[in-house]
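S.K.: One structure, as structure tokens, below. Some questions next.
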Amino acid sequence: MGGYFGAVSTEDVVMDIFYGTDYHSHLGTRRGGIAVFDEENGFKREIHNIEHSPFRTKFEELVTRITGTSGIGCISDTDPQPLMIHSNHGTYAIIIVGVINNDEELKKQYLAFSGGHFEAMSGGRVNSTELVASLIDQKTDFVDGVKFAQDSIKGSVSILILKEDGSIIAARDKFGRTPILIGKNDYGHSVSFEHFAYGKLGYVTCHELGPGEIVEITPHSIKVLSKPLEKMCICAFLWTYYGYPNSRYEGINVETMRNRNGRLLAQYDKENGQKFDMDYVCGVPDSGIAHAVGYANECGVDYARPFIKYTPTWPRSFMPVNQKERNRVAKMKLVPVHELIEGKKLLFVDDSIVRGTQLKETVEFLYENGAEEVHMRSACPPIMYGCKFLNFSRSTSDNELIARRTIMEIEGKEGENHIEEYSDGRTERGKALRKAICEKLNFESLEFQSIENVLKAIGLDESQVCTYCWNGKE
């Protein structure tokens, strides 16, 4: 994933950009960057690796020695950005969030007719942000360029552009898979992925971009350059996993959605004969907690925290890229509360079950500390398809996903014709999937939330929400 923040004002906004960008640290772990502009000094841009230290520590010295009345910043889970581009549109800085699935095709097309080049990164890769800029620059103005880029890309892309006149162009993905919100104060405007990032800085929400909408933002105005498109397909995982608890997308708060979702999951269990005889309901921290509180409130079982995640040393933004080391650090972070584990029957709610590796280690940790039973609930349906639009559940093969891998083990290729049945815990295939995963991960029982209940908890129609990871429908 990734997050972005920008501001344009009659006053210096460098500290707003610093704090606003830092508030997106839950969305990325690899790169952080800031670009600012003022009339006297022009552009200043800096990018840092944040794999081994938080964004704040890498940029707090920089922001004390630069000034700017406009700027953009990002937390990126992928390539370094923002990039500075000099083209027929002048000089500008650009940030993107999204996924480009046809990048090789687009690179070949560009190089075939342009005679130009791309800067190659390690391994010969091309920075996705530079590729988007190359598409934009093929048109005579930013609006046509952004539309051309979004139409050309198979995947998704939302864009912030800081122009050399100090204004900011914001363009939401044409299906609205990621959000862009605008805040206002007495001196100008901010633009952000997370609305609370500018709310804490004194801005008040004044506009939320619709799918495909393009706007130009100055201190005094928000000019719509291209109106919103009709079809929206916003990512459901913004609520179930990605979003910070006080985030709000399409007017719907993350924490309250998760609470509703947990209640609906408990109701689903109740309807299917689940006996609530466990000692405690617990949430897998952090994004599973609110789902679990809703579940506990609905079923009448006490909520407890039998282990605490130690984050002062290892917050999410301070994690190794290597998967083996990530798993090791994830295990090191779990500190048990023995009194709430020994001899107890525990039901955990997690936001999702993707590959199952870390969850298996968590369950082993609980049994090692004396748990009698560990039951598991997923706040979303079984993940059957790697995401094509953002970075959630990005896989080289769908069989990396525990649900698909288990289906393959149960009945081979034939199982791919019965994905819908396997998703439903009331069918024989659905029961077989859950039983097999229980055996793999040592759960006493397992259930997944239904798509219908996730959508009910969000409060949007199915046609407005991307559920591709669960049902393969675009």
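Nothing in this text is a laboratory measurement; each read-out follows from the coordinates by a stated rule. Computed from a predicted model, the values in this text were never measured in an experiment. Virtual Cβ from ideal backbone geometry, glycine too; neighbours counted across all protein chains shown.
S.K.: What number, in percent, do you get for the relative contact order of the chain if the mean sequence gap of Cα pairs under 8 Å and at least 6 apart is divided by its residue count? Before the final figure, lay out the partial values.
M.R.: On the way: 1076 pairs, mean separation 59.7, N = 474.
For the chain, the relative contact order is 13 percent.
S.K.: Turning to a different aspect of this structure: Quick check on region 64-145: what does the Kirkwood estimate of hydrodynamic radius come out to from the alpha carbon pairs, in Å? Display every interim value, and only then the final one.
M.R.: Working: mean 1/r = 0.0709 Å⁻¹.
That comes to 14.1 Å for region 64-145.
S.K.: Right, another one. Before rounding to the nearest 500, sum -39500 (n - 2.57) across all DSSP H runs of length at least 4 in the chain and divide by the residue total; then give [θ] at 222 nm in deg cm²/dmol. Don't skip to the end; give the middle numbers.
M.R.: Details: 15 runs with 143 residues, N = 474.
Roughly -8500 deg cm²/dmol at 222 nm, from the helical runs in the chain.
S.K.: If Lys and Arg each add +1 and Asp and Glu each add -1, what is the summed charge of the other residues whose beta carbon sits under 13 Å from the beta carbon of residue 17? Spell out each step's value before the answer.
M.R.: Numbers: positive: 44, 45, 56; negative: 11, 12, 16, 22, 38, 46, 60.
Cβ neighbours under 13 Å give a net charge of -4.
S.K.: Same structure, new question: Sorted by packing (mean other beta-carbon atoms within 10 Å per residue), highest first, where do 11-19, 283-291, 58-66 land?
M.R.: Numbers: 11-19: 20.4, 283-291: 23.0, 58-66: 14.8.
Sorting 11-19, 283-291, 58-66 by mean packing, highest first, produces 283-291, 11-19, 58-66.
S.K.: Given Cβ point charges of +1 (Lys, Arg) and -1 (Asp, Glu) and nothing else, what value in debye, to the nearest 20, does the dipole of the chain about its Cα centre take? Before the final figure, lay out the partial values.
M.R.: Values: 54 positive and 67 negative charges, 93 e Å.
Taking the Cα centre of the chain as origin, the dipole is about 440 debye.
S.K.: Continuing with this model, one more query. Per residue and in Å³, how big is the convex hull formed by the alpha-carbon atoms of region 120-202? Don't skip to the answer; put the middle values down first.
M.R.: On the way: hull volume 11.2 nm³, N = 83.
Expressed per residue, the convex hull around the Cα atoms of region 120-202 is 135 Å³.
S.K.: Which angle between 0 and 90 degrees, to the nearest 10, do you get for helix 402-411 versus the longest principal axis of the chain when only C-alpha atoms count?
M.R.: Helix 402-411 sits roughly 50 degrees off the main axis of the chain.
S.K.: Further, regarding this structure: What size of dipole, in debye to the nearest 20, comes out for region 2-232 about its Cα centre when the only charges are +1 on Lys and Arg C-beta atoms and -1 on Asp and Glu C-beta atoms? Don't skip to the answer; put the middle values down first.
M.R.: Values: 22 positive and 31 negative charges, 115 e Å.
Here the size comes out at about 560 debye.
S.K.: At 20 °C and 1.002 mPa s, grab the translational diffusion coefficient of the chain from Stokes-Einstein with a Kirkwood Rh over Cα pairs, rounded to a whole number in µm² per second. Working shown, then result.
M.R.: Numbers: Rh = 23.3 Å.
For these conditions, the coefficient is 92 µm²/s.
S.K.: Then there's this: Can you pull the one-decimal nm distance between simple spin-label points at residue 452 and residue 65, each 7 Å off the Cα toward Cβ?
M.R.: A separation of 6.2 nm, rounded to one decimal place.
S.K.: Against the longest principal axis of the chain, how steep is helix 323-332, in degrees 0 to 90 to the nearest 10, with axes from Cα atoms?
M.R.: For helix 323-332, the angle is close to 60 degrees.
S.K.: Using the per-residue mean of other Cβ atoms lying within 10 Å as a proxy for protection, in what order, highest first, do the peptides 418-429, 294-305, 229-240 fall? Present the calculation step by step, with values, prior to reporting the outcome.
M.R.: Details: 418-429: 16.8, 294-305: 18.8, 229-240: 21.8.
Going by the mean number of other Cβ atoms within 10 Å, highest first, we get 229-240, 294-305, 418-429.
S.K.: Please arrange 132, 143, 8 by how many other C-beta atoms lie within 10 Å of their C-beta, fewest to most.
M.R.: Placing the least packed residue first, the sequence is 143, 8, 132.
S.K.: Here is a follow-up. First select every other residue whose beta carbon is under 14 angstrom from the beta carbon of residue 342; then total the charges, Lys and Arg +1, Asp and Glu -1.
M.R.: Working: positive: 344, 345; negative: 279, 339, 368, 372, 373.
For residues surrounding residue 342, the net value is -3.
S.K.: Also, quick follow-up: Could you give the C-alpha radius of gyration of region 2-232 expressed as a fraction of 2.2 N^0.38 Å, taking N as the number of residues it contains? Don't skip to the answer; put the middle values down first.
M.R.: Details: Rg = 16.3 Å, N = 231, 2.2 N^0.38 = 17.4 Å.
Scaled against compact globular proteins, the figure is 0.94.
S.K.: Report P(r) for region 38-94: all Cα-Cα distances, bin width 10 Å, range 0 to the bin holding the largest distance, values in whole percent.
M.R.: Here the calculated profile for region 38-94 is 19, 51, 27, 4.
S.K.: According to the square roots a ≥ b ≥ c of the eigenvalues of the Cα gyration tensor, what is the shape class of region 253-471, taking rounded for a/c under 1.5, prolate for a/b larger than b/c otherwise, and oblate for the remainder? Don't jump to the answer; show the numbers that get you there.
M.R.: Details: a/c = 1.35, a/b = 1.18, b/c = 1.14.
It is rounded, given that a/c, with a ≥ b ≥ c, falls under 1.5.
S.K.: Okay, moving on. Using just the alpha carbons, could you tell me how many Å³ per residue the convex hull of region 340-416 encloses?
M.R.: On the way: hull volume 8.3 nm³, N = 77.
In region 340-416, the Cα hull volume divided by residue count equals 108 Å³.
S.K.: Strictly over 25 Å apart at the Cα level, which of 58/360; 184/227; 174/223 would you flag in this model? Please report the intermediate quantities before stating the final value.
M.R.: On the way: 58/360 34 Å; 184/227 20 Å; 174/223 18 Å.
Where the Cα-Cα span goes over 25 Å, the pairs concerned are 58/360.
S.K.: How big is Rg to Rh over region 1-127, alpha-carbon atoms, Rh as the Kirkwood inverse-mean-distance radius?
M.R.: On the way: Rg = 15.6 Å, Rh = 15.6 Å.
Here Rg/Rh amounts to 1.00.
S.K.: State the volume of the convex hull built on the alpha-carbon positions of region 209-320, expressed per residue in Å³ and rounded to an integer.
M.R.: Details: hull volume 20.0 nm³, N = 112.
It is 179 Å³ per residue.
S.K.: Follow-up question, since we're still on this one. Listed highest first by mean packing, meaning other Cβ atoms within 10 Å per residue, what order do 363-369, 113-119 come in? Could you put the intermediate results ahead of the total?
M.R.: Values: 363-369: 16.1, 113-119: 9.9.
So the order, starting with the most tightly packed, is 363-369, 113-119.
S.K.: Which shape class applies to region 147-189: rounded if a/c is under 1.5, otherwise prolate when a/b exceeds b/c and oblate if not, where a ≥ b ≥ c are the square roots of the Cα gyration tensor eigenvalues?
M.R.: oblate
S.K.: How big is region 169-268 along each principal axis, measuring the range of its Cα positions in Å and listing the largest first?
M.R.: Cα extents, longest axis first: 49, 31, 15 Å.
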